[in-house]
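The values are calculated or read from the model by the stated rules, or taken from the named source; none is laboratory data. These figures come from a predicted structure and were not determined experimentally. With ideal geometry, Cβ positions are generated from the backbone for all residues, glycine too; neighbour counts draw on all protein chains shown. Note: areas computed on protein heavy atoms with side chains; ligands, DNA, RNA excluded. Shrake-Rupley method; radii C 1.70, N 1.55, O 1.52, S 1.80 Å.
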Amino acid sequence: YLLDKSDKYDSRDVERLQQDDKWVENYLLWRHDVVDDTLKMIDESFQWRKDYTVNDLTESVLPKWLFENGSLFLHGYDKEGCKLFWFRVKHHTRDPKQQIEKKKLVAFWLEHYAKRDHGKPLTVVFDMAETGISHIDLDFVRFIVNCFTDYYPNFLTKIVIFEMPWIMNAAFKIVKGWLGPDAISMLKFTNKSDVQEYISGEYLPPHMGGTDSFKYSYPPLVDDDFQTPLCENGPITCEDEHESKEEIDADTKETGELNEEQNLNQKKMNSIEQISKSEETDKTEIKPKNTKKALTTFKGPLLHISPAEELYFGSKETGEKKCLIVLTNVTKNIVAFKVRTTAPEKYRVKPSNSSCEPGTSLDIIVSLHGGFAASLQDRFLIMAAEMDQSSGAGVPELTQFWKEVPRTKVMEHR
């Protein structure tokens, strides 16, 4: 394939295929480990990726009105913890002149999410409430379906179709003909009475029988549940907005005082066997008592973060109220960081907005408020960016820094 079509592929995709085992595995899984079928899919998807310049699709190269329209966005999770990709059909109108740009918006979102969350699967929601014949656009629907069946392997869990008008029944018979048996089994036709079989009410808007007060707006780019704007879209605010100024000031004292405060907190913790800062050589021995597996570490360009993927609070019966995240600065500069959560009413994160000195480790304590239980749907985001050595690291300096830092300079880990 490469010899015949190297000019039809983006070299970045070829390089990634040679290095990313997970990507290769997803192609194989999606094609049931049939190598010839897998190669054919890779060939077709790579040609499509180059045609649509997928690796270079950014917010700035797409028309602003596409984002303002609000017909496509990511928000919330289904009951299995998979991200929801919303298509609000009532905001879509069929227009051949705009079709290629709208298709590129779909590709932008899928690529944006695939790179950010390393290919974790999505659930597509076609919200067809208040739609009619003017919204039927089979070419666009087919493109969305093809993205999942032909271009993004092992990326789709299900397609939830909400309140499909009877007038579209004939159209969807055509759609089923494109899907094939595997994808047809993923179609879930729902209405207000049964949509919560797949998505809990906390992530459904009121018109679907849910309690989610989320309202789409742009900017900022609504790419997940951490809705606070960044950089040009305004300053980041910390999830601990209810804290007093004195508490926030206490969070951003110099490192020595911070460590002393944290060591006092750690003595009160039952869930962590934590060796004090002075015994750095034993740092690798930190383990929550109830942990199911050894702590893993995410090795980012600015910070190493442990644990890498999950905070474990134990079962409901034995659940502990505190967990520890350890950040290690692997750069030669001060690294500013923020921790945000999708459930700020449930968790207290200290410190949530501070900085870490070069080559040092810093502990973040995540504690559950009384009466709350940890949920698999809860998410945490750590944002980090290098600061100039000349910059201060107090509250005013950090506030100004997050207003000005370019988005491209921010490391994010979820």
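Full extension of the chain segment joining L62 with K215 gains 52.9 nm, where the gain is 0.36 nm per residue of separation less the Cα-Cα distance.
In Å², what does the accessible area per residue of region 11-54 work out to with a 1.4 Å probe? Averaged over the residues of region 11-54, the accessible area is 60 Å².
Distance between Cα centroids, region 109-166 to region 340-414: provide it in whole Å. So the separation of the two Cα centres works out to 32 Å. For region 1-53, the fraction of C-alpha pairs farther apart than 16 angstrom is 39 percent. Rounded to the nearest 0.05, what FRET efficiency do S11 and K115 give with R0 = 22 Å and r taken as the Cβ-Cβ distance? Could you check? Efficiency computed from Cβ-Cβ geometry: 0.80. Using only the C-alpha atoms, the convex hull of region 57-208 corresponds to 115 Å³ per residue.
Taking Rh as the Kirkwood radius computed over C-alpha pairs, what is the Stokes-Einstein D of region 298-413 at 25 °C in a medium of viscosity 0.890 mPa s, expressed in µm² per second? Here the translational diffusion coefficient equals 164 µm²/s. Computed in the context of the full set of protein chains, the accessible area of region 117-210 at 1.4 Å probe radius has 55% of its extent on carbon or sulfur. The amide H of L122, built 1.01 Å from its N in the peptide plane, has L156, T157 as neighbours under 5 Å, considering only residues 5 or more places off or on other chains. For region 104-110, putting each phi into the Karplus relation 6.51 cos²θ - 1.76 cosθ + 1.60 with θ = phi - 60° gives couplings of 5, 5, 4, 4, 4, 5, 5 Hz, in residue order, rounded to whole numbers and with x for Gly and Pro.
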